[in-house]
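A.B. asks: Please see the structure below; I have some questions.
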Amino acid sequence: MATVSEILDRKGTNVVTVTPDTTVLDAARLMNERGIGAVLVTSQGALLGIFTERDIMRRVVAAEGKPGVIPVREVMSTGLTTTTPTSTVEECAALMTARRIRHLPVLGPTGLAGVITIGDLLAYQVSEQALTIAQLNSYLYDTR
Ligand SMILES: NC(=O)c1ccc[n+]([C@@H]2O[C@H](COP(=O)([O-])OP(=O)(O)OC[C@H]3O[C@@H](n4cnc5c(N)ncnc54)[C@H](O)[C@@H]3O)[C@@H](O)[C@H]2O)c1
């Protein structure tokens with residue numbers, strides 16, 4: 001069964017982080033620059049929370065907060081759901097569905113080892129299915 005490790009081998013282990021004092025505006029600009037929907041909030045190597053597009057909608061825009069003033073620590077999501085490099089793709093998909101989340105930080109033996117999204121799981125499953133179809137086609141038509 002495919003594991004988180006295999007997804008990280010393809011997409012990389014780089015994690016975009018901000019400190020708790022980063023303003024919502026700076027975090028949003030960073031997310032736009034990198035084309036990502038979330039940043040992990042860390043301090044001295046410790047994972048404190050995650051700040052996502054949904055946090056911006058719920059706790060800043062809808063609350064009429066000032067993005068240039070509010071630090072992410074005030075509006076980030078805590079009580080994080082995480083995964084590990086040895087967890088399976090199916091386990092992660094079930095976790096994301098049950099908790100209604102799109103991003104899973106990956107915690108390895110030495111700390112933060114990556115981040116995976118529902119999009120990463122889908123992309124991995126689609127490419128695996130394409131491979132299986134190609135193999136079956138080759139079996140059916142090349143052995144005639
Ligand atoms: N074709 C692909 O390989 C692929 C993979 C993932 C997402 N997508 C597409 O991108 C769009 C949005 O994706 P999403 O909802 O999964 O979330 P997203 O926009 O937050 O993530 C996009 C990519 O950036 C990575 N990423 C996100 N936050 C990160 C962080 N803090 N540090 C390091 N990497 C980070 C994700 O792992 C994912 O690969 C969707 O349209 C999705 O289909 C495509």
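Please treat every number below as a calculation from the coordinates, not as lab data. Not measured: the values here are computed from a predicted model. Every residue, glycine as well, gets a Cβ built from its backbone with ideal geometry; the counts of neighbours run over all protein chains shown.
A.B. asks: Quick check on the chain: of the DSSP beta bridges with both residues there, what percent are antiparallel, nearest 5%?
C.D. replies: Numbers: 15 of 18 bridges.
Bridges in the chain are about 85 percent antiparallel.
A.B. asks: Have a look at 130, 43, 141 and report the one farthest towards the positive end of the charge dipole of the chain, computed about the Cα centre with Cβ charges (Lys/Arg +1, Asp/Glu -1).
C.D. replies: Of 130, 43, 141, it is 43.
A.B. asks: Do any GluC sites (Glu not before Pro) in region 8-79 lie in a DSSP loop with no more than 11 other beta carbon atoms within 10 Å, and if so, which?
C.D. replies: Details: sites: 33, 53, 64, 74; in loops: 64.
Loop-located and lightly packed - 64.
A.B. asks: Let me ask something else. Let me know the charge dipole size of the chain about its Cα centre in debye, to the nearest 20, where only the beta-carbon of Lys, Arg (+1) and Asp, Glu (-1) is charged.
C.D. replies: So the dipole magnitude of the chain works out to roughly 300 debye.
A.B. asks: Let me ask another. Could you calculate, for the chain, the ratio of the Cα radius of gyration to the Kirkwood radius, expressed as Rg to Rh?
C.D. replies: 1.09
A.B. asks: Ok, one more. Under a 5 Å amide H to amide H cut-off, with H placed in plane at 1.01 Å, what residues pair with residue 43 once short-range neighbours are removed?
C.D. replies: 48
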